[in-house]
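The next block holds one structure in the form of structure tokens; read it before the comments.
The values are calculated or read from the model by the stated rules, or taken from the named source; none is laboratory data. Being a predicted model, the structure only gives us computed values, none of them experimental. Reconstructed Cβ throughout: ideal geometry from the backbone, glycine too, with neighbour counts over all protein chains shown. These accessible areas exclude ligands, DNA and RNA; they are computed on the full protein's heavy atoms, side chains included. Shrake-Rupley method; radii C 1.70, N 1.55, O 1.52, S 1.80 Å.
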Amino acid sequence: MKALGLTAVLGAAVLTMSACGGGSGDSGGTSLVNGKTFVMALPGDPGNLDPHFTSLSVTGQVGRFLYDSLLGFAPDGRLLPGLAASWESAGTTATFTLRKNVTCSDGSALTASTVAANINFVGDVKNGSTRIGTYVPAGARATADDSAGTVAVTVPAPDAFLDRNLGGLPIVCDSGLTDRAKLKQNALGSGMFTLTEAVPDDHYTLTRRKEYAWGPGDFKADQAGLPDKVVLRVVANEATAANLMLSGEVNAARFTGPDGQRLQGAAYLKRDIMAPTGEMWFNQKPGLPTAALEVRRALVQALDLAQLRQVFASGRGGPPTGLVVPATSPCRQDTVTGNLPTFDAAGAKTAVAAASNGKPVKLTVAFDTSSGPGAQAAAELVQQQWAAAGVQAELKSVTETQIGQIASGQFAWDVAMFPIGVSLPSQLVPFFSGPTPPNGSNFASVRNDAYVAAVTAAARTPGDGGCDQWAAAEKALLQHLDLVPFANSNVPVYARGSQLDLSTGDVDPTSIRMLG
């Protein structure tokens, strides 16, 4: 998943699927039509399009149209052939055998050496890729055999989900690896689409590559209903996005708030995702108030998390049970219940005073404007409840781009309210351990020895065999108050005039079919 934001919603989710109205999932059963344009609303501008230097879910969604990865992911989470026709993985090694005749958007051939260069670049800590630790373990080394079309990868320590993690890395073609400046507002990949126009904060126009025939699974280039063009419109306001769908100007959009409920009936397809959407981070950089565990505990004690959940999710959220999108995680233990301080307003005021030695506590609280209409109301509730405990909180609304600045260490903050979407517990590790920006992804400066010990033990056991240790790792984070989850929400994608599926939380470009 993968990413900061609702999906990573980034790295993301296996989901339940439903169709509004008729229930067939075909938006009314009309026929597939070739040559049309698919228009999708984005909640914010994707910013830097380089897929190895972003943690934003919206940028990850754009990248799905432009870049391929070694493996594909079915809507139910199964691994599918992607750029790799076959693969095998065991602990510290993985081998991928590439499909033949894959080409890049500039016409060059995609080789095993190109794939190996991608893995080596991201795995080298000196390059500062935000994908290190999420897709590629630090210190990973890849070698290529171009004649056989194979890529062999060795990592320094066991990785329980090595094939899935390496398999999800977006692969950049040689010309982009040579000059990464080209990738900021362009794309050089082997994906289904090329970028033909980029107007930041407005729209991005993509054109389908008619020769593209190596999509995940059994994708065929000649199947009916494929769009010739895709327009990704930046529409930050969900009410506006719903209006554009109702008028037929937009084919698909994701909704975190109540506006999605306006899109009911047989004309609309719905794809559901239940994901952790309400999460609170504490900046533990030395010298900040929130670096002290006693201060964090007092701050959480001052919050009525159940009330916060209701406000944040507009009454439609559920209690969180873990830090990974529930449907995608191989581990399903409840790691939240009983591991956070209980609400005690009176005790919190005393605890804040004691933890701060009677000094005023002033905090900058950043909240994500793309998390839905309840985000600001939730932030204001936090401000109110902390004021009652003697804490002065200054609220700052932040865009997806500014969340990226938080993740890269370029934005001043004490507390941040935004979710991190991942599909595997191992993908959390770089955010809660290791170096801080610009040398790593540990943007909250977390130091948690119990977490590191648990994930080290869990990584030695492939697949779900290490779930008890992964659960212990999550509990260590919550007990240390490195992250406070307070709400799960459904963040569905609605579609009109088209069919589509989601994989790892994003709209899968190869699944889009246009309807007459």
* Check whether at least one residue in region 324-332 is crowded, with 22+ Cβ neighbours inside 10 Å and at pLDDT 95 or above, and report yes or no. => no
* To do: Among the numbered conditions (1) surrounded by 20 or more Cβ atoms within 10 Å (Cβ to Cβ); (2) out of contact with any Leu (no Cβ under 7 Å at 6 or more places or on another chain), tell me where Leu502 comes up short.
  => (2)
* What are the residues in region 477-493 that are open to solvent by 10 Å² or more (accessible area, probe 1.4 Å) and at pLDDT 95 or above, if any? -> Gln479, His480
* Asked: Can we say Ala313 is open to solvent by 40 Å² or more (accessible area, probe 1.4 Å), aliphatic (A, V, I, L, M) and farther than 20 Å from His480 by Cβ?
  -> no
* Of the numbered conditions (1) surrounded by fewer than 15 Cβ atoms within 10 Å (Cβ to Cβ); (2) touching a helix residue (DSSP H, G or I) at 6+ places or on another chain (Cβ under 8 Å), Gly338 fails exactly one; give the number of that condition. => (2)
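Here's the yes/no breakdown for (1) surrounded by fewer than 24 Cβ atoms within 10 Å (Cβ to Cβ); (2) in contact with a Cys (Cβ under 9 Å, 6 or more places away or on another chain); (3) of a type in the set (Asp, Glu); (4) over 16 Å from Thr59 (Cα atoms):
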site: Pro158; (1), (2), (3), (4): yes, no, no, yes
site: Asp174; (1), (2), (3), (4): yes, yes, yes, yes
site: Thr178; (1), (2), (3), (4): yes, no, no, yes
site: Ala181; (1), (2), (3), (4): yes, no, no, yes
site: Lys184; (1), (2), (3), (4): yes, no, no, no
site: Ser190; (1), (2), (3), (4): no, yes, no, yes
site: Pro200; (1), (2), (3), (4): yes, no, no, no
* To do: Name the single residue, out of those in region 133-150 being part of a strand (DSSP E or B) and within 27 Å of Gln427 (Cα to Cα), that is most open to solvent (accessible area, probe 1.4 Å).
  => Arg141
* **Residues satisfying the stated conditions in region 145-161, i.e. within 23 Å of Arg64 (Cβ to Cβ) and modelled with pLDDT under 95** => Phe161
* Of all residues in region 505-516, count the ones that are over 23 Å from Arg262 (Cα atoms) and open to solvent by less than 10 Å² (accessible area, probe 1.4 Å). => 1
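For (1) over 25 Å from Gly47 (Cβ atoms); (2) at pLDDT 95 or above; (3) touching a strand residue (DSSP E or B) at 6+ places or on another chain (Cβ under 8 Å); (4) basic (Lys, Arg), each residue gets a yes or a no:
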{"site": "Ala221", "(1), (2), (3), (4)": "yes, no, no, no"}
{"site": "Gly225", "(1), (2), (3), (4)": "yes, yes, yes, no"}
{"site": "Arg233", "(1), (2), (3), (4)": "no, yes, yes, yes"}
{"site": "Ala242", "(1), (2), (3), (4)": "no, yes, yes, no"}
{"site": "Ser247", "(1), (2), (3), (4)": "yes, yes, no, no"}
{"site": "Ala252", "(1), (2), (3), (4)": "no, yes, yes, no"}
{"site": "Gly257", "(1), (2), (3), (4)": "no, no, no, no"}
{"site": "Asn283", "(1), (2), (3), (4)": "no, yes, yes, no"}
* Based on what the data block shows, is Pro438 part of a loop (DSSP other than H, G, I, E, B) and more than 30 Å from Gly315 (Cβ to Cβ)? -> yes
* Could you list, in sequence order, the residues of region 182-209 that are among the aromatic types (Phe, Trp, Tyr) and within 20 Å of Asn34 (Cα to Cα)? -> Phe193
* To do: Filter region 236-246 down to the residues that are of a type outside the set (Gly, Ala, Ser) and either assigned to a helix (DSSP H, G or I) or within 19 Å of the chain's Cα centre (by Cα) (or both), then identify the one that is surrounded by the most Cβ atoms within 10 Å (Cβ to Cβ).
  => Met245
* Structure fact -> Among residues of region 125-161 being within 18 Å of the chain's Cα centre (by Cα) and of a type outside the set (Ser, Thr, Tyr), the residue farthest from Asn48 (Cα to Cα) is Phe161
* **Contacts under 9 angstrom Cβ, first residue in region 462-487 being part of a helix (DSSP H, G or I), partner open to solvent by 40 Å² or more (accessible area, probe 1.4 Å) and among the acidic types (Asp, Glu), 6 or more apart** => Trp470/Asp464; Ala471/Asp334; Ala476/Asp449
* Yes or no: Arg209 closer than 17 Å to Thr59 by Cβ, modelled with pLDDT of 95 or more and surrounded by fewer than 23 Cβ atoms within 10 Å (Cβ to Cβ)? -> no
* To do: Any residue in region 189-215 that's among the acidic types (Asp, Glu): show its pairings with residues that are surrounded by fewer than 16 Cβ atoms within 10 Å (Cβ to Cβ) and not in a strand (DSSP E or B) at Cβ separation under 9 Å, as long as the two are six or more apart or on different chains.
  => Glu211/Ala221
* **Looking only at region 435-476, and only at residues there that are open to solvent by 40 Å² or more (accessible area, probe 1.4 Å) and acidic (Asp, Glu), the one that is modelled with the lowest pLDDT** => Asp464
* strands (runs of 3 or more DSSP E) lying entirely in region 19-132 (those with 1 or more residues that are open to solvent by less than 20 Å² (accessible area, probe 1.4 Å) and in contact with a helix residue (DSSP H, G or I) (Cβ under 6 Å, 6 or more places away or on another chain)) -> 37-42, 71-73, 93-98
